[in-house]
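Here is the structure we will look at, set down as structure tokens.
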Amino acid sequence: MTYSIMNRIFSTIILALCSLSAIAQDVDLRLLGKEQCDEYLVRMGREATRTFGPEWYDQGPLTPQVNDSLFVFKDDYDMRPKVQRNVGRPYYTVRLLYDEAARKRIWRDLASTVSVWADNGEPSEIFFGNNLGYNFLFRGYREWVKAGVEKEDFMRLQILPEGYVY
């Protein structure tokens with residue numbers, strides 16, 4: 001019986017590590033078909049929102065909205081090397097929108113907007129419905145996740161009191 005339990009635990013650990021390594025691999029989104037690219041962007045948008053803003057993620061059903069355009073990163077003001085090396089780099093965006101019931105409760109229609117680099121499939125920034133968020137230009141998305149994300153007070157979601165009219 002002990003052997004069976006240990007075997008299950010070992011199998012679960014191996015499966016989890018394989019799953020993490022599959023997620024952590026670079027994916028050039030420009031080489032994927034539209035359906036595969038959109039599916040990846042939605043999955044990455046949900047993962048980033050759940051990781052960095054679980055309060056924003058848990059408020060109700062989220063409808064993904066993938067922007068069909070490929071944007072190019074531009075910053076004429078910040079001359080730091082880590083910012084400037086990304087100038088001209090293409091990215092996609094995905095927005096996660098709340099349903100009507102959640103909108104009435106939290107007075108926002110947007111849970112998050114996640115920008116994802118086209119060349120490696122890694123998020124470059126995430127902004128929540130309060131227009132505050134994180135960028136991953138100086139410390140990569142994977143580094144943040146590995147180190148553990150400390151929730152900032154300004155990221156907290158304000159839920160309206162019952163019967164509040166705005």
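Quick note: the coordinates plus some simple rules give every number you see, no bench work behind them. Just so you know, these numbers come straight off a predicted model, no measurement behind them. Heads up, the Cβs are rebuilt from the backbone with ideal geometry, glycines too, and the neighbour counts pull from every protein chain shown.
Just to confirm the filter: which trypsin sites (Lys or Arg not before Pro) across segment 26-125 are DSSP coil and have at most 16 other Cβ within 10 angstrom of their Cβ? Numbers along the way, then the final one.
On the way: sites: ARG30, LYS34, ARG43, ARG46, ARG50, LYS74, LYS82, ARG85, ARG95, ARG103, LYS104, ARG105, ARG108; in loops: LYS74, ARG85, ARG108.
Answer by residue number: LYS74, ARG85.
Compute, for segment 88-128, the length of the dipole vector about the Cα centre, with Cβ point charges of +1 (Lys, Arg) and -1 (Asp, Glu) only. Units Debye, rounded to 20.
In total the dipole reaches around 240 debye.
Do any chymotrypsin sites (Phe, Trp or Tyr not before Pro) in segment 47-145 lie in a DSSP loop with no more than 10 other beta carbon atoms within 10 Å, and if so, which? Write out the running numbers ahead of the final one.
Numbers: sites: PHE52, TRP56, TYR57, PHE71, PHE73, TYR77, TYR91, TYR92, TYR98, TRP107, TRP117, PHE127, PHE128, TYR134, PHE136, PHE138, TYR141, TRP144; in loops: PHE73, TYR77, TRP107, PHE136, PHE138.
Listed in order of number, the matching sites are TYR77, PHE138.
Which lysines, if any, have their Cα less than 24 Å from the Cα of LYS146, not counting same-chain residues under 8 positions apart?
Hits, sequence-local ones excluded: LYS82.
Treating cross-link reach as a plain straight distance, find the aspartates and glutamates whose alpha-carbon is under 18 Å from the alpha-carbon of LYS74, omitting any fewer than eight places away in the same chain.
LYS74 reaches ASP119, GLU122, GLU125.
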